[in-house]
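This report concerns only the one structure given below.
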Amino acid sequence: MTISAAAQSDDASRVAAAETLPALQDPPLEQYRAYRRMHAVNEKFNQEAWLECWTEFDKRGFRYEVTTERGSDYILEKVLRTLLRREQELIAQGEAERADLTTANYEFVESTEQNDRERYVLLKPKRKDVLLVDGRMVLNQDGTELLRVEGRLSKNPSFWTSLVKVMRQFARLDGIRVPIATESVAKLKFAGMSRMQVRYEYESINGRPVSVPARRMMAAAFR
């Protein structure tokens, strides 16, 4: 894609508000039931763990039921189970909106780095927060679909964890945009690099069973 001289003269053009981005104008995700597959590995100590669970979210909050787990007890407890508990706590405390892609949380800046298939919008967190990403949104070319959010957490989760890089993948299932995968890499003091992958397989969204075409879309995304 050719960028004009006028566009190149500015490092980036500001997006006045999230409301100007069609990709963010979706019906809210008010309910879901999904099967979650989680995997974490520490390269230095050659340890890894797997956890699978059913997760549910609705007006009553976030709940999960572990169906299977194996591998390192330390990673299971300190990473995977802790992640689920923390998500449950944030929602129970009404703090989940701290992570939303809104002007309350971010400044949106149109990037001059574009190509023929994707459009990039830089994300500038308005505060240091472990739920916010200093990075970019990746949209389809006409800006109507959010494909990914990628970058670094604007605040380290703890003294022991730094340089947390994340990639969150999204898809529109039956008209609702939902996360379908998350990947993260973190540097742990004394333990080196750790990686985690999470995949979501939805059974219902906003009170309706996920359609067969949407299930096929999810399956294709993980091939």
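The values are calculated or read from the model by the stated rules, or taken from the named source; none is laboratory data. This structure is a prediction, so every number in the text was calculated from the model and none was measured. Using ideal geometry, Cβ is built from the backbone for each residue, glycine included, and neighbour counts are taken over all protein chains shown.
In segment 209-223, the residues that are in contact (Cβ under 8 Å) with a residue 12 or more places away in the chain never reach a residue that is of a type in the set (Gly, Ala, Ser) and surrounded by fewer than 11 Cβ atoms within 10 Å (Cβ to Cβ) with C-beta atoms less than 7 angstrom apart, at least six apart or across chains. Filtering segment 41-59 to residues that are in a strand (DSSP E or B) and touching a Phe, Trp or Tyr at 6+ places or on another chain (Cβ under 9 Å) leaves 42, 47, 49, 52, 53, 54, 55, 56, 57, 58.
Per-residue answers, yes or no, for (1) of a type in the set (A, V, I, L, M, F, W, C); (2) outside any helix (DSSP H, G or I); (3) touching a residue at least 60 places away in the same chain (Cβ under 8 Å):
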position	(1), (2), (3)
98	no, no, no
104	yes, yes, no
124	no, yes, no
130	yes, yes, no
148	no, yes, no
185	yes, yes, no
195	no, yes, yes
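As for segment 30-40, it holds at least one residue that is at pLDDT 95 or above, touching a Cys at 6+ places or on another chain (Cβ under 6 Å) and assigned to a strand (DSSP E or B).
The set of residues from segment 197-208 being farther than 22 Å from residue 40 by Cβ and either without any contact (Cβ under 8 Å) to a residue 40 or more places away in the chain or surrounded by fewer than 17 Cβ atoms within 10 Å (Cβ to Cβ) (or both) comprises 203, 204, 206, 207, 208.
Evaluation of residue 54 against the conditions (1) farther than 26 Å from residue 193 by Cα; (2) among the aromatic types (Phe, Trp, Tyr); (3) buried (at least 17 other Cβ atoms within 10 Å of the Cβ); (4) modelled with pLDDT of 95 or more shows that the sole unmet condition is (3). When segment 60-82 is filtered for residues that are within 21 Å of residue 201 (Cα to Cα) and assigned to a strand (DSSP E or B), the ones remaining, listed by number, are 61, 62, 63, 64, 65, 66, 67, 68, 69, 70. Among the residues making up segment 106-122, those that are touching a residue at least 24 places away in the same chain (Cβ under 8 Å), surrounded by 18 or more Cβ atoms within 10 Å (Cβ to Cβ) and not charged (D, E, K, R) are 106, 108, 121, 122. Within segment 67-88, the set of residues being loosely packed, with under 15 Cβ neighbours inside 10 Å and farther than 14 Å from residue 41 by Cβ comprises 67, 68, 73, 77, 82, 85, 86.
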